[in-house]
Amino acid sequence: MRTRRAFLTVFLCALSVFALLAASPPFAVTPEIQRALDHISAGSLRGHLSFVASDLLEGRGTPSRGLDLAAAYVAAQFRAAGLEPAGDDGYYQTARMQSIRQNLEGFDLTLENGPQSAHASASQAAVRSLRQANLVQVPVFRTDASAVGLLRPADVAGKAVAIALPPDETAEETVRLLAALKPAVVLDLAWKEWPAEWLMDPSAPHLEVPWIALRDSGVLRWLRAARPGPTALRVSLRVPAPSVTPFIARNVIALLRGSDPALQSTYVLVTAHYDHLGIRRDERGGVLYPGANDDGSGTVSVIEIGQALATLRPRPRRSIVFMTFFGEEEGSLGSLYYIHHPVFPLAKTVADLNLEQLGRTDSSAGTETGNATLTGYDFSDLSATLRQAGRLTGVKVYRSPEGGEPYFNRSDNLTFAQHGIPAHTIVVAYEYPDYHAPGDTWQKIDYRNMATVDRMLALAAILVADQPEPPHWNAANPKTAPYRHGGD
């Protein structure tokens with residue numbers, strides 16, 4: 001029964017994509033479009049990336065001098081192309097962010113079980129708290145992640161909620177649901193490897209409740225043994241206030257204004273993140289992570305495609321926005337900042353083509369020359385548009401195993417998808433040697449192949465911008481339901 005249902009779902013998804021593709025009007029690459037596509041070259045991409053992924057930029061960590069230099073370089077290239085600046089400071093969208101360093105000096109957690117007590121030290125706790133916390137003998141309420149939606153404020157308000165949260169992005173969403181019920185603290189019974197320092201946008205919604213993950217302590221054993229519901233346990237807690245350091249980061253945004261009076265106020269995004277991991281410390285000292293493929297390749301592709309389409313006459317009907325984000329490696333900070341402070345109305349944004357890992361063809365699955373794929377292949381009709389662009393430029397746009405679904409939520413496209421905008425990340429190789437490693441250097445990029453893929457992407461952007469109807473989520477695929485309703 002499960003096999004038949006799965007087959008039917010895949011069949012309906014494929015049928016929907018085929019119908020959309022068959023319904024697309026014939027498209028010819030005009031001499032004007034071909035000249036614009038020919039503007040994209042391997043030599044130009046090599047020149048851009050040899051700077052963006054150079055040692056001078058120190059891995060483009062967020063925040064860092066190298067990140068600021070990369071932003072200035074992208075802005076300079078947009079300026080040279082004659083693209084319109086679209087930020088609050090020229091091409092820059094200025095984000096006032098904060099670096100939070102959790103201070104655990106003086107941290108103490110004591111759990112009382114009748115006349116007995118147990119302690120968890122700072123080495124047995126990971127803490128996320130934006131404020132000082134001092135709690136004395138607070139009652140403990142035990143629950144499971146699956147039951148959070150059934151809780152009422154009267155169940156947990158002012159109490160310590162003990163819960164085992166999954167080690168993925170759903171944990172934070174569960175804590176957000178709990179925070180609305182006003183608990184005093186969330187005690188996570190599943191260990192989390194949080195860094196001592198983390199970054200946040202103070203203008204965005206954030207967790208007001210302290211969140212503490214525990215390990216290897218009598219406190220943890222007692223909490224795990226407790227039955228769901230109110231318990232006889234009492235917790236006392238002291239969390240020092242964190243240190244907060246403000247900093248400025250920048251998204252870089254340029255506009256190619258559309259030519260159609262009716263459609264130029266709708267927008268197609270071509271995006272990438274220009275940050276990487278920076279310089280990290282290990283037993284060898286400071287190690288630089290250049291991030292040439294992840295995501296220097298996407299960054300310079302946005303530059304190159306923007307410069308190519310700026311030469312196009314006439315321009316596409318819809319407006320095309322070229323944008324590079326800071327802070328993707330720190331939790332999609334730049335794209336989230338844009339969503340909370342959109343330059344162009346989200347309701348008028350019809351698609352996001354997000355570019356990642358376009359330069360390496362030495363995929364762990366085998367050589368990927370002349371190929372490209374996208375995350376969430378079956379989620380929208382953008383896959384049909386990309387396939388059409390691929391046929392016209394000699395690039396095979398294919399459905400990877402599982403349709404790239406495991407990777408859909410691992411890049412900035414997810415930020416836009418969650419707000420109802422059809423958005424995918426286009427890649428050449430999902431997995432490759434040197435991923436998030438110091439060996440991801442610009443010398444290992446296949447520039448000729450990247451130029452070919454970028455021509456396909458440039459044509460896809462033109463197709464989306466010129467189509468009378470905007471892209472749509474695939475309603476036949478039940479996995480798109482959160483995104484189809486994300487803009488509501």
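The length gained by stretching the chain between Asp89 and His340 to full extension, at 0.36 nm per residue less their Cα-Cα distance, is 88.6 nm. Coupling constants for segment 297-305 follow from the phi torsions by the Karplus curve (6.51 cos²θ - 1.76 cosθ + 1.60, θ = phi - 60°), and in residue order they are 5, x, 4, 6, 5, 4, 4, 5, 5 Hz; glycine and proline get x. Compared with the direct C-alpha span, the chain from Glu208 to Tyr435 gains 78.3 nm at full extension, assuming 0.36 nm per residue.
Note on the chain: with charges restricted to the Cβ of Lys and Arg (+1) and Asp and Glu (-1), its dipole about the Cα centre is near 880 debye. When DSSP beta bridges are restricted to pairs lying wholly in segment 103-241, around 70% turn out antiparallel. Segment 405-444 and segment 216-276 have their alpha-carbon centroids 18 Å apart. Computed from phi, the 3J(HN,Hα) profile of segment 252-265 under the Karplus parametrisation 6.51, -1.76, 1.60 (θ = phi - 60°) reads 10, 10, 9, 10, 9, 6, x, 9, 8, x, 7, 10, 5, 8 Hz, with x in place of Gly and Pro. On full extension, the segment bounded by Ser123 and Ala481 gains 124.7 nm, given 0.36 nm per residue less the C-alpha separation.
Along the axis of the charge dipole computed for segment 340-477 (Cβ charges of +1 for Lys and Arg, -1 for Asp and Glu, origin at the Cα centre), the listed residues Pro342, Pro401, Thr367 are led at the positive end by Thr367. With a Förster radius of 41 Å applied to the C-beta separation of Asp168 and Ala76, the computed FRET efficiency comes to 0.60. For the residue pairs Lys182/Lys479; Lys182/Lys348; Lys396/Lys444, alpha carbon separations beyond 26 Å are given by Lys182/Lys479; Lys182/Lys348. Compactness ratio for the chain: Cα radius of gyration over 2.2 N^0.38 Å (N = residue count) comes to 1.06. Think of each Lys and Arg Cβ as +1 and each Asp and Glu Cβ as -1; about the Cα centre, that makes the dipole of segment 103-241 roughly 580 debye. Just to confirm the filter: which GluC sites (Glu not before Pro) across segment 145-241 are DSSP coil and have at most 12 other Cβ within 10 angstrom of their Cβ? Answer in residue order: Glu169, Glu193, Glu208.
Here the spin labels are modelled as points 7 Å beyond Cα on the Cα-Cβ line, and at Ser146 and Leu177 they lie 1.3 nm apart. Its DSSP H runs of at least 4 residues, each contributing -39,500 (n - 2.57), put the calculated 222 nm mean residue ellipticity of the chain at -9000 deg cm²/dmol, to the nearest 500. Between Asp108 and Glu32, the FRET efficiency from the beta-carbon distance, with R0 = 51 Å, is close to 0.15.
For the modelled label position 7 Å from the Cα of Gln443 along Cα-to-Cβ, which residues of segment 283-313 have backbone nitrogen atoms closer than 20 Å? Zone members listed by number: 287-297. Look at the dipole of the chain built from charges on Cβ: of Pro314, Ala465, Gly90, the Cα furthest out on the positive end belongs to Ala465. Grouping the Cα pair distances of segment 103-241 into 10 Å bins from zero gives a pair-distance distribution of 12, 48, 35, 5, 0 percent in increasing distance order. Counted by neighbouring Cβ atoms within 10 Å, the residues Leu150, Leu309, Leu255 run from fewest to most as Leu150, Leu255, Leu309.
Since every read-out is calculated from the coordinates, none of them should be taken as a lab result. None of the values given here were measured: they were computed from a predicted structure. Please note: Cβ atoms are built from the backbone with ideal geometry, for glycine as well, and neighbour counts cover all protein chains shown.
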